[in-house]
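Enquirer: Below you will find the structure I want to go over with you.
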Amino acid sequence: MLIDEVASHFERVKQIGPNKIMCACPLHADNKASLIISVDPDKKDGKEWVNPYCFAGCDTKELKNLLRDKGFNRFGNTIKRRSIKDPESGDTFIPRLPIKLFKEKRDQLVNEFGWDNVYMYHYITPGATNHEFSHFITRKDIILSDGTKDKEFRPHTLWRDKDTKEYKWQRKGQPKNFLRNPYIVNYGQKHKPKACFIHEGEKAVDRARSLYKDIAHVTWQGGSLAVNKTDWNQIIDFAFETIYLIPDNDEAGRKAMNTVADKLLNSDTEIYYVDTSSMPPRWDFGDIPGPDRPEEKEKMYEKVQNLLVEAQIIEWRPDTEKKNNKPEFIYINGMERFMNVESGQFLTEKGYKRKMTPVLKHGRAHEEFFTDPNSILVDKITFDPTKPPGVIKDGSMTLWNSYIPPEDIKRIPGDVTLFLEHMEYLIPDELTKKEVIKRMAHIVQKPHIKIRSILLLFSEAEGVGKTTLFLILRRFLGKKYCKQLNQRQIMGEFNEWAMNCLLIAIEEIAIKGDYSKRTTSMDILKTVISEDTITINIKNEKLFTIPNHINGFAFSNNPRPITLTKLARRYHIIKCDQLAKPPEYYNTLWNWLEKEEGFEKLYDFLMGYDISDFNPNAEPPKTVAFFDLVDATQTPLDLELDSLYQSNSWPFTDKSCLISPRHLKDALTRIKINPSINQICDWLGKNGFVNLEKQIEWTNDQKPTVWANGEVDKWKELKPKDLRNFYLQPVVDKDQFYFVDANQMKRVNALANLETLSQYT
């Protein structure tokens, strides 16, 4: 048989069908037997076609060339490599690229996106002689406006244009369904070390490679929360004899490295876990001094050697009991999807099978899951801090609660003067300051009870430290439950960010675009603020609803961050008129928080703060800043209609009246005010009018939709033909301004005289 002849040219061959084999792929260091080759007859002439496919992502063209060299030259398309395309542009993601072209594109990237002090990394695959991964991460250290240090990352990936077929760089990461490649240095075709250090962060890797040149160094993109987004099978493929896991000296770092250990336990490699707890807080290899500080470097290097060589090194063993209690996947009947419990990623049955086949060593992952009595199947998912995590019952429904309480934070009684001074600096008014502290204390003490208003803190000066309030709360609630968003994310079609969320911070909120778009963003915020549930819309997934426990902060340096009316009830508006403090001020504050147990002291302060008189459902106090924004964000139409409405002038002579935006526009146009229908509807909506969504049969060519601002339930009960009996149409002629009733039998003068009307002409 032809399949037997094909099999004779490969290693670790396993028959998986009458005409199909699984074997080691010669294009990469493959200890997983990732290559599938099938022989399939043509339906028309019966001739046999050879079809290769590598699950590790090796180029199918390269595989066909390899088979040609072995004497096989008929290839079909029974097994196709799934191309990963951008759903919007249609461009194809390029995970690998010939070296010659790769270097050209790398130079292009440097020229196009060149920054100062940037780390530029590309990812490679063991055993790949003709190809390299084309994914770059640019990084630079920055100083935030409040004086604190931070890191800025930018992914750069290569795509092929769907029309021109040209390669082009995109300032975005790899597709969601494409696991990230680990970053590795000190490894190449000529240099293949037997040992590997795994660090958290590119900076740590760069420092370690200069100290331990005979050891490979590895990290992953995205930090401690992105461990599960990385393809750790690639590290297994390197076949190191030993791997040392070196976590950052903090809880998140240790947890992340434990997860890495779980990912690597399927290999034959000896894995050692390095205990860094004796080092300074948040320490990693990146903190080892450079050659410009030789004495400090030598002292730190000696400590590191003790960690690596002496008793501090421990062979890692998994906590099997804990691991078995937490499933890797569950199945959600209502969505017909598998869900990765750790990452929250949804998978179809095919996606689950594709992911689990290399792990289970067979292609029956789906069937095995549904026959395993320990597998967890639920009807829906939820997010509820009031209930225990995992499987819960809700009547006849079985739910999966994805909320996991954060690890207990130490409460250390102590002086919080620095925090209170910062609050006084941001909010000099004593009553307003106390109200904000109560809000923060409520979020910490009762994260499950939402506050039905949002705090907007804005200033015209940058770098005053507004975002510090959110960062403090994020520390106490858990980073994964707190999201920093921008307006584009809030207004986007998809709101995956709202899953598993307790607190949002909307950064740099500002008025942009036309008035209708501004109000749209506010409408979205109103839903997030006030509704008890929120509908989650994830691309390519069914809609589902979860409890809404989201509290909100918004920050801006724009003098007009949002539009407001006097009727707005869900916004606590505070303006900071202070100038930014010198960097030393913020350095002192954050040094106290991070290194002098400031977070622990502040946690104790907020947990013990008296919130007995704080009502999370109450309307927040209206500040001077609130009314200033109301005045500042009024359009000319707003001012005109507000004046008419407040003076009971046309067409608002009756506070329980019916208004047609179409007819109102006609009347306004005649007196030289020319708004759009949308602008009029926006004003009506902001001022309490409700669209009855009924058309009155006015004339043969006019069937206006009407709005009401009083007795809405009464109006909604009436049929359109009955509504017309209560509707007055505004009319303007050369003499006067008046209403005409539905029967056009009488005129009602809405203004005292023409002199009153003249103010609008």
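The values are calculated or read from the model by the stated rules, or taken from the named source; none is laboratory data. Quick caveat, the model's predicted, so the values are computed rather than measured. Note: ideal-geometry Cβ built from the backbone for every residue, glycine included; neighbour counts use all protein chains shown.
Enquirer: Within the set of pairs 6+ apart or on separate chains, which have a first residue in the range 527-542 that is under 26 Å from residue 620 (Cβ atoms), a second that is part of a loop (DSSP other than H, G, I, E, B) and of a type in the set (D, E, K, R), and C-beta atoms under 7 Å apart?
Expert: That search, which allows pairs on different chains as well, returns 529/452; 529/570; 530/452; 530/570.
Enquirer: State the number of residues belonging to the range 570-595 that are over 30 Å from residue 617 (Cβ atoms), part of a loop (DSSP other than H, G, I, E, B) and not charged (D, E, K, R).
Expert: 4
Enquirer: What is the one condition in (1) outside any helix (DSSP H, G or I); (2) closer than 14 Å to residue 553 by Cα that residue 470 does not satisfy?
Expert: It is condition (1) that residue 470 fails.
Enquirer: Further question: Residue 614 - would you say it is among the hydrophobic types (A, V, I, L, M, F, W, C), surrounded by 14 or more Cβ atoms within 10 Å (Cβ to Cβ) and outside any loop (DSSP other than H, G, I, E, B)? Show your work before the answer.
Expert: Values: among the hydrophobic types (A, V, I, L, M, F, W, C): yes; surrounded by 14 or more Cβ atoms within 10 Å (Cβ to Cβ): yes; outside any loop (DSSP other than H, G, I, E, B): no.
No: the conditions fail for residue 614.
Enquirer: I've got another one for you. Six or more apart or on different chains, Cβ atoms under 6 Å: show the pairs whose first residue is in the range 8-23 and farther than 15 Å from residue 53 by Cα and whose second is part of a loop (DSSP other than H, G, I, E, B) and of a type outside the set (Val, Ile, Thr).
Expert: These pairs meet every condition: 9/70; 11/24; 12/24; 12/33.
Enquirer: Would you mind stating whether residue 376 is in contact (Cβ under 8 Å) with a residue 12 or more places away in the chain and more than 30 Å from residue 236 (Cα to Cα)? So that I can check it myself, show each step before the final result.
Expert: On the way: in contact (Cβ under 8 Å) with a residue 12 or more places away in the chain: yes; more than 30 Å from residue 236 (Cα to Cα): no.
Judged against the criteria, residue 376 is not a match.
Enquirer: Ok, one more. Across the range 226-252, which residue is modelled with the lowest pLDDT among those that are farther than 24 Å from residue 32 by Cα and touching a helix residue (DSSP H, G or I) at 6+ places or on another chain (Cβ under 6 Å)?
Expert: Among residues in the range 226-252 that are farther than 24 Å from residue 32 by Cα and touching a helix residue (DSSP H, G or I) at 6+ places or on another chain (Cβ under 6 Å), the one modelled with the lowest pLDDT is 252.
Enquirer: Continuing with the same structure: Filter the range 545-572 for residues that are at pLDDT 90 or above and closer than 23 Å to residue 430 by Cβ; which is surrounded by the most Cβ atoms within 10 Å (Cβ to Cβ)?
Expert: By that ranking, first place goes to 553.
Enquirer: How do the strands (runs of 3 or more DSSP E) wholly within the range 1-47 filter down when requiring 1 or more residues that are modelled with pLDDT under 80: which remain? So that I can check it myself, show each step before the final result.
Expert: Values: elements: 14-17, 20-23, 35-41.
The qualifying strands (runs of 3 or more DSSP E) are 14-17, 35-41.
Enquirer: OK, next. Of all residues in the range 233-265, count the ones that are under 31 Å from the mean Cα position of the chain (by Cα), polar (S, T, N, Q) and not in a helix (DSSP H, G or I).
Expert: Final tally of qualifying residues: 1.
Enquirer: Turning to a different aspect of this structure: Tell me the residue from 629, 606 that is at pLDDT 85 or above and under 31 Å from the mean Cα position of the chain (by Cα), please. Give the derivation first.
Expert: Working: 629 fails: at pLDDT 85 or above.
Only one candidate passes the filter, namely 606.
Enquirer: Just one of the numbered conditions (1) at negative phi; (2) outside any helix (DSSP H, G or I) is not true of residue 489; which one?
Expert: Evaluating residue 489 over (1) at negative phi; (2) outside any helix (DSSP H, G or I) leaves (2) as the failure.
Enquirer: Tally up the residues in the range 48-58 that are of a type outside the set (A, V, I, L, M), at pLDDT below 75 and on the phi < 0 side of the Ramachandran plot, please.
Expert: Just the residues of the range 48-58 that are of a type outside the set (A, V, I, L, M), to begin with: 48-49, 51-55, 57-58.
After this cut, where a residue has to be at pLDDT below 75 as well, the list is 55, 57-58.
Among the residues that remain, those that are also on the phi < 0 side of the Ramachandran plot are: 55, 58.
Count: 2.
Enquirer: Restricting to the range 234-291, name every residue that is of a type outside the set (Phe, Trp, Tyr), in contact with a Cys (Cβ under 9 Å, 6 or more places away or on another chain) and buried (at least 17 other Cβ atoms within 10 Å of the Cβ).
Expert: Scanning the range 234-291 gives 235, 243, 269.
Enquirer: Taking the range 205-232 as the search range and keeping residues that are part of a helix (DSSP H, G or I) and either within 26 Å of the chain's Cα centre (by Cα) or β-branched (Val, Ile, Thr) (or both), which one is farthest from residue 476 (Cα to Cα)?
Expert: Within the range 205-232, the first condition is being part of a helix (DSSP H, G or I), and the residues that meet it are 205-211, 224-229.
Subset that is either within 26 Å of the chain's Cα centre (by Cα) or β-branched (Val, Ile, Thr) (or both): 205, 224-229.
Details: 205: 30, 224: 17, 225: 17, 226: 20, 227: 22, 228: 23, 229: 25 Å.
That would be 205.
Enquirer: Is it fair to say residue 224 is without any contact (Cβ under 8 Å) to a residue 12 or more places away in the chain and of a type outside the set (Phe, Trp, Tyr)?
Expert: no
Enquirer: Something else now. Within the bounds of the range 718-735, is there any residue that is over 26 Å from residue 566 (Cβ atoms), at pLDDT below 50 and not in a helix (DSSP H, G or I)?
Expert: Yes - at least one qualifying residue is present in the range 718-735.
Enquirer: List the number of the failed condition for residue 314; all other conditions in (1) at pLDDT 80 or above; (2) not in a loop (DSSP other than H, G, I, E, B) hold.
Expert: Going through the list (1) at pLDDT 80 or above; (2) not in a loop (DSSP other than H, G, I, E, B), residue 314 breaks only (1).
Enquirer: Right, residue 436: surrounded by 14 or more Cβ atoms within 10 Å (Cβ to Cβ), under 27 Å from the mean Cα position of the chain (by Cα), closer than 29 Å to residue 143 by Cα and modelled with pLDDT of 85 or more or not? I'd like the intermediate steps shown before the answer.
Expert: Numbers: surrounded by 14 or more Cβ atoms within 10 Å (Cβ to Cβ): yes; under 27 Å from the mean Cα position of the chain (by Cα): yes; closer than 29 Å to residue 143 by Cα: yes; modelled with pLDDT of 85 or more: yes.
Against the criterion (surrounded by 14 or more Cβ atoms within 10 Å (Cβ to Cβ), under 27 Å from the mean Cα position of the chain (by Cα), closer than 29 Å to residue 143 by Cα and modelled with pLDDT of 85 or more), residue 436 qualifies.
Enquirer: Restricting to the range 573-596, count the residues that are surrounded by 14 or more Cβ atoms within 10 Å (Cβ to Cβ) and either assigned by TED's automatic domain parsing to the domain that holds residue 641 or hydrophobic (A, V, I, L, M, F, W, C) (or both).
Expert: Total meeting the criteria: 8.
Enquirer: Can you tell which of 714, 694, 672 is over 14 Å from residue 662 (Cβ atoms), at pLDDT 75 or above and of a type outside the set (S, T, N, Q)?
Expert: Details: 694 fails: over 14 Å from residue 662 (Cβ atoms); 672 fails: at pLDDT 75 or above.
After ruling out the rest, the residue left standing is 714.
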